[in-house]
Amino acid sequence: MTSSAPTSQNVSIHTQAWLMLMCGLVYFYAFQLNMHWFSDWLEFSPGVNWIFIPSGLRLLFVLVLVGTGATGIVLGSIAINYLLGDPEAHLFNMVTAIISGTAPYLARYLSITWLRLDAHLANLSGNTLFKVSVLFAIINALTHQVWFYLTGRTENLIGSFTAMAVGDWFGTVLVLATAGLGIKLFKLHRSSVL
């Protein structure tokens, strides 16, 4: 797939490994913070929140770092599943981690294919970002909730899908808006220094 070209061809294997580790660590700790802040009052069901900040990190890491970001998310999800979940549920833990990393990757690929998003994000606009975030929220919630339903982790497929899609979308919008603001502030500061 040509959508992986922006990162893998221009960055050394050592840098990619470091980025994977950083993505995994940031994702792991963002998951814990989200549980701490929102699980009591915004949790629909175990693992499904009406606001899920780590979801935004999933999309951000994969939009920018492509496969490196997706792999970091898988690694972070494995740590989450084994340290915070059932350490004996190997198949569930591994498949859930793979879904966590591949859902944003699939959303990125479909955004490039269907929404004509440039692989290097050159044509990224507010409108395109909105479409990408909605597509990602649907794909992520659908893949996770079908898996959870098949493994008996959720009984209410439609309700859990809806809550997860809304939570993923809100989390994604918050993260991407914060990242966009950070980039604007950086550019403003940089131009004032020069």
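Miscellaneous remarks
- Only a single item in (1) outside any helix (DSSP H, G or I); (2) among the small types (Gly, Ala, Ser); (3) surrounded by fewer than 16 Cβ atoms within 10 Å (Cβ to Cβ) is not met by GLY159, and it is number (1).
- Residue in segment 54-77 that is free of Cβ contacts under 8 Å to residues at least 60 places away in the same chain, open to solvent by 40 Å² or more (accessible area, probe 1.4 Å), in contact with a Ser or Thr (Cβ under 6 Å, 6 or more places away or on another chain) and not acidic (Asp, Glu) present: no
- Pairs meeting the criteria (first residue in segment 113-132 and assigned to a helix (DSSP H, G or I), second residue not small (Gly, Ala, Ser), beta carbons under 7 Å, at least 6 apart or on different chains) are THR128/LEU115; THR128/LEU117; LEU129/LEU176; LYS131/LEU115; VAL132/LEU115; VAL132/LEU117.
- Residues of segment 80-120 satisfying the condition of being closer than 14 Å to MET20 by Cα and either of a type in the set (Lys, Arg) or surrounded by fewer than 17 Cβ atoms within 10 Å (Cβ to Cβ) (or both): none
- Filtering segment 121-137 to residues that are open to solvent by 80 Å² or more (accessible area, probe 1.4 Å) and either closer than 12 Å to LEU176 by Cβ or at pLDDT 95 or above (or both) leaves PHE130, LYS131.
- Test: PRO104 is closer than 15 Å to ASP168 by Cα and modelled with pLDDT of 95 or more: yes
- Just one of (1) open to solvent by 20 Å² or more (accessible area, probe 1.4 Å); (2) in a helix (DSSP H, G or I); (3) within 19 Å of MET35 (Cα to Cα) fails for TYR149. It is (3).
The values are calculated or read from the model by the stated rules, or taken from the named source; none is laboratory data. Owing to the predicted nature of the structure, the values given are computational and were not obtained by experimental measurement. Quick reminder, even Gly has a Cβ in these numbers, built from the backbone with ideal geometry, and neighbours come from all protein chains shown. Ligands, DNA and RNA are stripped out before the accessible areas are found, and what is left, the full protein with its side chains, is counted by its heavy atoms. Shrake-Rupley method; radii C 1.70, N 1.55, O 1.52, S 1.80 Å.
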